[in-house]
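Here's the structure, in structure tokens; my notes come after.
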Amino acid sequence: MRAVVSSQVSEEIKKNLSSLADVFFLPPDETLARPVCCHPDMILSIIGKSAIIPQKYARNNPLFCFFLEKSGYNIIESDTERGSAYPHDVGLNAAVGNGFIICRKNSADASLLREAARL
């Protein structure tokens, strides 16, 4: 099993998770506000075999891209402008299921909507 987890979790949680799975602890995304800068749901969206991540984050974190590729995902670098304030911080925050997506369409990242349309 593989997991993507905030690097802001406690050392105890890091240790416990690492014993259960191949874990990648996300470095901060400097474009996001401090309380959410390491939240996986703010940095990454998985749709099928595609992993959508911000272009700048991908370029600054090649090990994360390697982890995703090693996990079998095709990386899509989003060039949608991001920011630290709502709604510019929630573009990748979506729940994706079998044939559906739950998100705020007006705030959703363009890459996310394009991939969701292929479901």
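For the condition among the charged types (D, E, K, R), assigned to a helix (DSSP H, G or I) and touching a Gly at 6+ places or on another chain (Cβ under 8 Å), what is the one hit in Glu115, Glu69?
Details: Glu69 fails: touching a Gly at 6+ places or on another chain (Cβ under 8 Å).
Answer to the check: Glu115.
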message: Show the residue pairs meeting these rules: Cβ distance below 6 Å; 6+ apart or different chains; first residue within segment 1-15 and touching a residue at least 24 places away in the same chain (Cβ under 8 Å); second residue part of a strand (DSSP E or B).
response: Arg2/Asp22; Val4/Phe24; Val5/Val23; Val5/Phe25; Ser6/Leu26; Ser7/Phe25; Ser7/Leu26
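Quick check on Glu77: is it acidic (Asp, Glu), touching a strand residue (DSSP E or B) at 6+ places or on another chain (Cβ under 8 Å) and part of a strand (DSSP E or B)? Reasoning before the result, please.
Working: acidic (Asp, Glu): yes; touching a strand residue (DSSP E or B) at 6+ places or on another chain (Cβ under 8 Å): yes; part of a strand (DSSP E or B): yes.
For Glu77, the condition - acidic (Asp, Glu), touching a strand residue (DSSP E or B) at 6+ places or on another chain (Cβ under 8 Å) and part of a strand (DSSP E or B) - is met.
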task: Tell me, yes or no, whether segment 48-68 has at least one residue that is surrounded by fewer than 14 Cβ atoms within 10 Å (Cβ to Cβ) and aliphatic (A, V, I, L, M).
output: yes
query: Out of (1) open to solvent by 60 Å² or more (accessible area, probe 1.4 Å); (2) at pLDDT below 95, what's the single condition that is false for Val9?
result: (1)
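State the number of residues belonging to segment 49-64 that are in contact with a helix residue (DSSP H, G or I) (Cβ under 8 Å, 6 or more places away or on another chain) and closer than 17 Å to Leu112 by Cα. Outline the logic, then answer.
Of segment 49-64, the ones in contact with a helix residue (DSSP H, G or I) (Cβ under 8 Å, 6 or more places away or on another chain) are 50-54, 57-58, 64.
Now narrow it down to the ones that are closer than 17 Å to Leu112 by Cα: 50-54, 57-58.
Looking only at that region, the number is 7.
Among the residues that make up segment 55-64, is at least one of them among the aliphatic types (A, V, I, L, M) and without any contact (Cβ under 8 Å) to a residue 40 or more places away in the chain? Step through it out loud before you land on a result.
Initially, segment 55-64 is screened for residues among the aliphatic types (A, V, I, L, M), giving 58, 63.
The next check asks that each one be without any contact (Cβ under 8 Å) to a residue 40 or more places away in the chain; those that pass are 58, 63.
Yes; the residues of segment 55-64 include at least one that is among the aliphatic types (A, V, I, L, M) and without any contact (Cβ under 8 Å) to a residue 40 or more places away in the chain.
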task: Check whether at least one residue in segment 101-113 is without any contact (Cβ under 8 Å) to a residue 24 or more places away in the chain and under 27 Å from Met1 (Cα atoms), and report yes or no.
output: yes
field: Total residues in segment 80-106, condition exposed (fewer than 15 other Cβ atoms within 10 Å of the Cβ) and in contact with a strand residue (DSSP E or B) (Cβ under 8 Å, 6 or more places away or on another chain)
entry: 2
field: Selection from segment 19-39 of residues that are of a type in the set (Ser, Thr, Tyr) and either touching a strand residue (DSSP E or B) at 6+ places or on another chain (Cβ under 9 Å) or crowded, with 17+ Cβ neighbours inside 10 Å (or both)
entry: Thr31
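The values are calculated or read from the model by the stated rules, or taken from the named source; none is laboratory data. Fair warning: this is a prediction, and the values are worked out from it, not measured in the lab. When we count neighbours, we look across all protein chains shown, and the Cβ atoms used for this are built from the backbone with ideal geometry, even at glycine. Surface areas here come from the heavy atoms of the whole protein model, side chains and all, with no ligands, DNA or RNA. Shrake-Rupley method; radii C 1.70, N 1.55, O 1.52, S 1.80 Å.
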